[in-house]
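The structure appears right after this line, and notes come after that.
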Amino acid sequence: MGDMTNSAVDFYPKNQRGESNHAGEFGCSLDELRSLMELRGAEGVQKMQDTYGDVNGFCRRLKTSPTEGLAGNPADLENRKQIFGRNFIPPKKPKTFLQLVWEALQDVTLIILELAAIISLGLSFYQPPGERSEMCGSAAGGVEGEGEAEAGWIEGAAILLSVFCVVFVTAFNDWSKEKQFRGLQSRIEQEQKFSVVRGGQVIQIPVSEIVTGDIAQIKYGDLLPADGVLIQGNDLKIDESSLTGESDHVRKSADKDPMLLSGTHVMEGSGKMVVTAVGVNSQTGIIFTLLGAGGEEEEKKDKKGKMQDGNMENSQNKAKKQDGAAAMEMQPLKSAEGGDGDDKEKKKAGSSKKEKSVLQGKLTKLAVQIGKAGLVMSAITVIILVLYFAIDTFVIQKLQWLPECTPVYIQFFVKFFIIGVTVLVVAVPEGLPLAVTISLAYSVKKMMKDNNLVRHLDACETMGNATAICSDKTGTLTTNRMTVVQAYVGEVHHKEVPDPDAIPSKTLDMLVNAISLNSAYTSKILPPEKDIGLPRQVGNKTECGLLGLVLDLKRDYQTVRDQTPEEKLYKVYTFNSERKSMSTVIKMQDGSFRMYSKGASEIVLKKCSNILNTAGEPRGFRPRDRDEMVKKVIEPMACNGLRTICIAFRDFPGSPEPDWDNENIILIDLTCIAVVGIEDPVRPEVPDAIKKCQQAGITVRMVTGDNINTARAIAIKCGIISPGEDFICLEGKDFNRRIRNEKGEIEQERIDKIWPKLRVLARSSPTDKHTLVKGIIDSLHGERRQVVAVTGDGTNDGPALKKADVGFAMGIAGTDVAKEASDIILTDDNFSSIVKAVMWGRNVYDSISKFLQFQLTVNIVAVIVAFTGACITQDSPLKAVQMLWVNLIMDTFASLALATEPPTESLLMRKPYGRNKPLISRTMMKNILGHGIYQLTVIFTLLFAGETIFNIDSGRNAPLHAPPSEHYTIIFNTFVLMQLFNEINARKIHGEKNVFDGIFRNPIFCSIVFGTFAIQIVIIQFGGKPFSCIPLQIDQWLWCMVLGVGELLWGQIISSIPTNRLKFLKEAGHGTQKDDIPEEELNEDAEEIDHAERELRRGQILWFRGLNRIQTQIRVVKAFRSSLYEGLEKPESKSSIHNFMTHPEFRIDDSQPHIPLIDDTDIEEDAALKQNSSPPSSPNKNNNAIDSGINLTTDTSKSATSSSPGSPLHSLETSL
């Protein structure tokens, strides 16, 4: 790595390098510090001793104090920033507006249009010699006068102009999106604060304000903001995989390995470091500089950039040794290379993020399909026009092709080409990506107000599909304000906080010392900010609850801490998820040692062999006593929803000194001082939020490290479980026992038996959380893949947050590591904000559907009109420029109007759509086709009979460059007005009658509709030649309006036709099905398996049963299928047993949870199927998620499909 870093020097401006060499008033230069930070372990210690003596000498050179920190005067800080740099890595420059314009111009359809327009412009200036023009045929239009001939250039110019309009609008949208994103990034960065010591006070400052020489306090869960040297550390372990690729945590201590690097994560322990290098001079900054301009800003946030690639070469070999997925997922950066063995793991680890978001997948597919159809239509249009013209001119009129007529003919061909391209432009829904972007950007902006800070745009929409939420308890469901309310001390169980006199004085002293010393010194209780509020708890909330107990006992913890400052603590075993306890060793005056311990009561009590009695003297504590205490003290506390913490101590002789690193001999033989019950009240708004989730078809599960009784009590208070329901609450160890086979491997089938009913997982480790999330996501139980959201705040929640479809990190209590792994940050740590996220997610989905419903109606109508018009009258009734205007209304304005509908509570009244629900439901298809029919009828009536109805000249068969006609102007006007009124219809997609409901809550929608209408009036009355329009009379305007308003009335008629009567309707825009996935992805990625497989794995359908059994089964299935689907048979479904049940006409209803898991029914029973399987009756075609409730059987009535345990179908399913 050394050689790499040196080359980075060349990146700095000359003057800065000059400065760095003579460090001026400081005792060490920038280069010295940088080379110091490249050393590791023993080399680093050696170099420190040789050059600076010790850490104190080093601090003196940097003019800082290890205990007091910097004085903090502004001049000194500014000076340090000048000499050693700022703690800021400059982001990549954003794209300029012109670059974005250039990108928007790359669109193929637009390029074609521009070419056509330029050719048309060029030809319009060419004047063929006048006398010959008769010889070029009547089609050339001898009618045109001088004035019109000169106006021929207008069409080409107008097309160019409208192309530029479209380009600028697109570029502007991209630009504002980029700007918003950067605003969001800077907000995330400003919110990141870090604790430093200045002037003897611990203060929180923004990360960018940290300077070289600051003394920073580091603790579990921090992401280090700068390089530094450790001054003092307790049990510190760092995950340096982001820099070195080593997945093992590195132990750091002041005497063995004091070098701490920016961008690495503190996984355990705490300590203090002196900052040595910041910003571009830190190890991370150097790599960024090598990668050029500090990498994308997003990447910097997104897993702190690509440090991996920078030094992947040296870690490649190390990566090969990494153990499995857990290590891969812990790594904040997925490396591009690395061992082949890990490749699969990596793909798996990254797979949940690498999939396109569900919505984008569906949209891309749909857009491609529509585009292809449009291409075909436009090609046919051009071919027909050219043939018609050629036959008419050269065959019927028997003219020769004369050289001087060539430009005239070419002008015709260019006109036909322009018509063809215009059809294509209208057919291709380039507004789709725009609508998605606008909708997501709008939602993200609004979600900030609802305390959701979205880090990955697609998370917002995935959240709408969520089917399960695994939530932490502390701080998310509860207020995270801990208070001790009960205590068992001196063999007495006090139901409220005891009076200090009621406790033996020896015990009281011991208790106060144990709490004050054996807790992070950063945990404090400060006076309330306002006079009336509660005291502020700073630091670890559980410790604050205990410190509160000390204050309630009329003692002061600060005086105890002042007698034993942090530096004097002999050894600290910090809390982690394996130990579930924390211990601190102090050296007594007489040279002996005393260790204080606190932790989860059942764990610490197991290690106690004594307990302090009523006199404050230790007495024996046998397993029998322990069981009694658990029954009489701990369980009653836990059942009231209290967390129980046991506080204990142990004395050690001074010589021989115990082996502190062997925890097994240290953490035993303790003496219990007290057991306290800490209350953490449920947040008042949570029960309501959970009820909403359950109505919305989302299962909430609580995953907590607490005692199972506490967890169950809280779960009942929240409404996660209600008495009398069929659910399971498990402890982590039972969960592990149930999901692992004899060899200790996790089996998906075993997880599938548990998770559907599991509601509370208590005493769970982070790995359990990860296992549960992975198990639910990979599960094939039920007809669709589950979409799982997870909340987490601790460092150890990283893997689960990454694995989940949407990871929520806590903004207040969350560690940096958790925030890095998450998709959305809850800025108020509140569960009810998750419900808001679900609402917004569903709203995005619905907005896109509304837009699609509107857009496709316009597409179909415009394409058909242009196509038939061109074929029958040799000219599209809608001109190129008019089409572009329609395209602008449809795409840009409509996407703005429909994508910014605010969400309503009613979104939570339906079940999630699921990954494979088509974008265009059958109700929407009905609306699209219904409105299409109305619009086509109106336009064709106007086209072929308009001149008689309005008593005007016909506009059909006009010569080239003929002046605009009233006839075609009326058609254009009516068409646009019908779209405007249909935009109002498009606001509802579930067949609701009242389309005006809540229209004024969306000012953007109203202003766009009125604005478009105003521009339309201007275009018609003053557009003239460029828009091929002619001003209309007031009565003609009124008729156009009437036909437009007709859309609203027609919409009412359509919505009253029940969808299930229209059997011919198909859905469109499905998610990715099995055959769209490349083979190798399927093999390694169980996540992507489609329903067939999911259905079949439902019971324990294992292949152990031997092949012949399965073959018999296939025969039964085939026979069964042929009797059930007479006339419905689909050829592709015969290929394998997997495809049984993929038929949309035949979905098994998974409403009964009580399916026996392995059922050895034999084939005789299955044979009964043939008699019982009557053909499906009374199809229920209603795909409306609202109407059809929970048991959505897509195409058949339940009679044929409900898989109740007794039904023959069920036995077939389980016996496979």
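Each reported figure results from applying straightforward, stated rules to the coordinates on display, with no laboratory input. Bear in mind the structure is a predicted one, so any value in this text is a computation, not a measurement. Glycine also receives a Cβ, built like all others from the backbone with ideal geometry; neighbour counts cover every protein chain displayed.
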Size descriptor, Kirkwood hydrodynamic radius, that averages inverse alpha-carbon separations across the stretch 471-515, Å: 12.4
Gyration tensor verdict on the stretch 657-769 (Cα atoms; rounded if a/c is under 1.5, prolate if a/b is larger than b/c, oblate otherwise): oblate
Relative packing of peptides 269-281, 72-84 - highest average C-beta neighbours within 10 Å first: 269-281, 72-84
Neighbourhood net charge (10 Å Cβ-Cβ; Lys/Arg +1, Asp/Glu -1) for MET273: 0
Relative contact order [Cα under 8 Å, 6+ residues apart], the stretch 938-1019, whole percent: 22
Highest-first arrangement of 481-491, 612-622, where packing means the average Cβ count within 10 Å: 481-491, 612-622
Computed over the stretch 620-688, the ratio Rg/Rh where both radii use C-alpha atoms and Rh is Kirkwood: 1.16
The stretch 641-680, relative contact order in percent, only Cα pairs under 8 angstrom and at least six apart counted: 67
Net +/- balance of residues flanking GLY420 in space, Cβ distance below 14 Å, scoring K and R +1, D and E -1: +1
Cα convex hull volume per residue for the stretch 907-977 (Å³): 155
Geometric extent, Cα atoms of the stretch 771-863 - Rg, Dmax (angstrom): 17.7, 56
Highest-first arrangement of 229-235, 1013-1019, where packing means the average Cβ count within 10 Å: 229-235, 1013-1019
Kirkwood Rh (inverse of mean 1/r, distinct Cα pairs), the stretch 439-525, angstrom: 17.9
C-alpha center-to-center spacing [the stretch 451-510, the stretch 42-58] in angstrom: 43
Global size of the stretch 981-1067 as Cα Rg and Dmax, reported in angstrom: 16.7, 48
Percentage, to the nearest whole number, of Cα pairs in the stretch 649-706 over 19 Å apart: 62
Surface/4 of the Cα convex hull for the stretch 171-253, nm²: 7.9
Cross-link table LYS445/LYS850; LYS272/LYS530; LYS92/LYS473; LYS193/LYS362; LYS237/LYS524, entries beyond 29 Å C-alpha to C-alpha: LYS272/LYS530; LYS92/LYS473; LYS193/LYS362
P(r), alpha carbons of the stretch 540-625 - 10 Å bins starting at zero, rounded %: 13, 37, 43, 7, 0
Spherically averaged projected area in nm², based on the convex hull that wraps the Cα atoms of the stretch 361-406: 4.1
Over the stretch 173-261, relative contact order from alpha-carbon pairs under 8 Å, at least 6 apart, %: 20
